[in-house]
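Structure, as C-alpha cells:
The values are calculated or read from the model by the stated rules, or taken from the named source; none is laboratory data. Predicted model only: the values in this text are computed from it and were never measured. Note: ideal-geometry Cβ built from the backbone for every residue, glycine included; neighbour counts use all protein chains shown.
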Amino acid sequence: MRDKKEIEHCIKEIQIRMKDKRLNRFCNANVKEGYIKALEILSKRISIFQNAHLELLNSVQGRAIADLAIDFLNGDCEENILLNVPIKGR
C-alpha cells in the first residue's frame, strides 16, 4: 500500500481537478462520478475491490476511474494515470 504522503498528495490533486468547471458539464458526468468515488476510496483507504461497491456507480468510466484509485493504493498504478483522465471541453 502507498504511504500516507503519497495518498494525501493524490487526494489534493484530485480535489484540484474537481474544481475544474468543465466537470459540471453533462459530457463529463462520468469522470466526475469516478473522481468522487476515487476520493472516497483514497480517504478511506479501500484497497479491496469488493469493499469499494463499484457496482453502485452508473458508468463504466466512473468505475474505471475508481478502479484506478484502488490500483494506485495497492501500488499497481502510478498517480499520473489516475490524475490524467481526460476532461472534455475547453
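Among the residues of the range 1-30, those that are surrounded by 13 or more Cβ atoms within 10 Å (Cβ to Cβ) and over 15 Å from ASN80 (Cα atoms) comprise MET18, ASP20, ARG22, LEU23, ARG25, ASN28, ALA29, ASN30. Annotation: LEU56 fulfils all but one of (1) farther than 21 Å from MET1 by Cα; (2) aliphatic (A, V, I, L, M); (3) modelled with pLDDT of 95 or more; the unmet one is (3). Scanning the range 39-90 for residues that are among the hydrophobic types (A, V, I, L, M, F, W, C) and within 17 Å of ARG22 (Cβ to Cβ) gives ILE65, LEU83, VAL85, ILE87. Taken as a whole, the condition of being surrounded by 14 or more Cβ atoms within 10 Å (Cβ to Cβ), at negative phi, of a type in the set (D, E, K, R) and touching a residue at least 40 places away in the same chain (Cβ under 8 Å) does not apply to ARG63. When the range 31-59 is filtered for residues that are of a type in the set (S, T, N, Q) and under 22 Å from GLU13 (Cα atoms), the ones remaining, listed by number, are SER43, SER47. Those helices (runs of 4 or more DSSP H) of the range 1-57 in which 1 or more residues are touching a residue at least 60 places away in the same chain (Cβ under 8 Å) and within 23 Å of ASN74 (Cβ to Cβ) occupy 4-18.
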